[in-house]
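Structure record follows, encoded as C-alpha cells.
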Amino acid sequence: MKIIGSYPKTRLRRLRKHKWLRNLISENNISPNDLILPIFVREGKNKIESIKTMPEVKRYSVDKLPTILKKVKDLKIPMVALFPYTPNNKKNKQGSEALNPNNLICRSLRLIKSKFPDIGVMCDVALDPYTSHGHDGVLINNEIDNDETIKILVKQAILQAKCGCDVIAPSDMMDGRIGLIRKALDKEKFTDVSILSYAVKYASSFYGPFREAVGSKSKLKKDKKTYQMDFRNSFEAYREVGLDIKEGADMIIVKPGMIYLDIIRNIKKNFNVPIIAYQVSGEYSLIKDGIKKKLFKEDIIFESLIAFKRAGACAIISYFAIEVAKKLKKIN
Ligand code: PBG
C-alpha cells in the first residue's frame, strides 16, 4: 500500500474532529445482525440460575427459555447457540445422552421452533456436555477415537436436525466429521440445514469459565490437545479450513476470538467462506471483571467486538449479545 500525502497539507486529525464525521467515515460497525447469543439450558422447572464463573450469564430450564428468547426477538438478534448443562446421572463414557430425543437440546429446539420460529438456532455437535470424562469424543484405550466418535456425532447431528436445528455446529475437532455429517444430512433430506464448522478451535485455557457453565470442568482429567489445535500454529488452521470447506462446511468458526485475530484475517484473505468469531467465556469473564473493578469503561465491549469485524468476521458469538443489542437500540 502506497502512503500518500504529507504534513502540513495532510492532517489526519481533520477527519477526527466531529463525532458525525467519525461516524460518516467509520470503516466497520456493529449491528444486532452481527450477533449470536449462547444460551445454557438446564433441567427442572421455573429455574433461572447464575453461573459462578460467568457474571450475569444464566442457565435456564427449558420452560423459562421464552424469557430470554423474547429479548432476542425484540432486539433482532438473528441466532442463538444452545448448550446443555447435563445432570451427572445422565453422563456416561459414551455420552449416550447426546442421542436421547428428549435431552435438553432436543426439548429446547422443539420449544424454540414452535414459539419463536424466526429465531435461528445453532447447536454444538460434540460429546463433552454428556461424557463422564468431559471429552468431546469417546475414549477407547485411553485415546479419543476419531472414527468411533464420528459415528455418534453423525447421529447427534441428524437428531438435532429432526428437532428443528437450523445450523449444525460440530465443535469436536475430529478429522473428517464435516463430510460425513453433510452426507448423512443430505441422505435424510436435510439439504437446507447448514453446517457451521468449528474449523479452527485451539486447545485454549480461555474456555475455563464455559466448562464450569456446562458442568464438564471437574470431569475433565487431561487437556484436549490431541484434538484441539496447538496455539503455536497458524498454517495448520488454513489446512483445517480448506478441508472443512471441501467437505461441505457452509461457514466456519475461529475460536477463541480476540487473541486469534491474525487467523481470522488470513482466512478472510485466502478463502471465500463466511467467518464467525467466537468471543469465548474467558474473554467475556475477563472483560466483565475489568468493568466491575472499574478498570475499563463499558465501551471496551464495543471495542472488542469491532475488532472481530475489522479482522474480517461477519458475525460474533458473544455472551455480550443482549447487552450490546440493547445499547445499539438506544443509540439508533
Ligand atoms: C465444547 C465447547 C467448548 C466451547 C464451546 N463448545 C469448550 C471446550 O471445547 O472445552 C467453549 C466456549 C466458551 O468458552 O465460551 N466442545
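The values are calculated or read from the model by the stated rules, or taken from the named source; none is laboratory data. This is a predicted model, so every value here is computed, not measured. Reconstructed Cβ throughout: ideal geometry from the backbone, glycine too, with neighbour counts over all protein chains shown.
Just to be sure, is residue 278 assigned to a strand (DSSP E or B), within 16 Å of the ligand (Cβ to nearest atom) and crowded, with 21+ Cβ neighbours inside 10 Å?
Taking the combined requirement at face value, the residue satisfies it.
Kindly establish whether residue 72 is of a type in the set (Val, Ile, Thr) and part of a strand (DSSP E or B).
When the stated conditions are applied, residue 72 does not pass them.
Can you list residue pairs whose Cβ atoms sit under 8 Å apart, with the first residue in the range 187-201 being at pLDDT 95 or above and the second being away from the ligand (no atom under 15 Å from the Cβ) and part of a strand (DSSP E or B)? Count only pairs 6 or more apart in sequence or on different chains.
194/251; 195/251; 196/251; 197/251
If I filter the range 94-131 down to residues being touching an Asp or Glu at 6+ places or on another chain (Cβ under 8 Å) and assigned to a strand (DSSP E or B), which single residue comes out as nearest to the ligand (Cβ to nearest atom)?
By that ranking, first place goes to 125.
On the given criteria, is residue 115 surrounded by fewer than 17 Cβ atoms within 10 Å (Cβ to Cβ) and within 18 Å of residue 70 (Cα to Cα)?
Yes, satisfied.
Looking only at the range 35-61, which residues are polar (S, T, N, Q), surrounded by 15 or more Cβ atoms within 10 Å (Cβ to Cβ) and assigned to a loop (DSSP other than H, G, I, E, B)?
53, the sole residue that qualifies.
Any idea which of 215, 176, 248, 242 is surrounded by fewer than 23 Cβ atoms within 10 Å (Cβ to Cβ), touching a Lys or Arg at 6+ places or on another chain (Cβ under 6 Å) and not aliphatic (A, V, I, L, M)?
248 is the lone residue from the list that is surrounded by fewer than 23 Cβ atoms within 10 Å (Cβ to Cβ), touching a Lys or Arg at 6+ places or on another chain (Cβ under 6 Å) and not aliphatic (A, V, I, L, M).
Of everything in the range 151-161, what is closer than 21 Å to residue 189 by Cβ and either touching a residue at least 60 places away in the same chain (Cβ under 8 Å) or touching a Leu at 6+ places or on another chain (Cβ under 8 Å) (or both)? Give them in sequence order.
Correct list: 153, 154, 155, 156, 157, 158, 159, 160, 161.
Are there any pairs, at least 6 apart or on different chains, whose C-beta atoms fall under 9 Å, with the first in the range 272-295 and over 17 Å from residue 321 (Cβ atoms) and the second more than 16 Å from the ligand (Cβ to nearest atom) and among the acidic types (Asp, Glu), and if so, which?
Note: pairs meeting the criteria are 273/250; 274/250.
What about residue 158, is it closer than 23 Å to residue 201 by Cβ, outside any helix (DSSP H, G or I) and of a type outside the set (Ser, Thr, Tyr)?
no
If you check 169, 203, which single one turns out to be under 18 Å from residue 247 (Cβ atoms) and among the small types (Gly, Ala, Ser)?
Unique residue meeting the criteria: 169.
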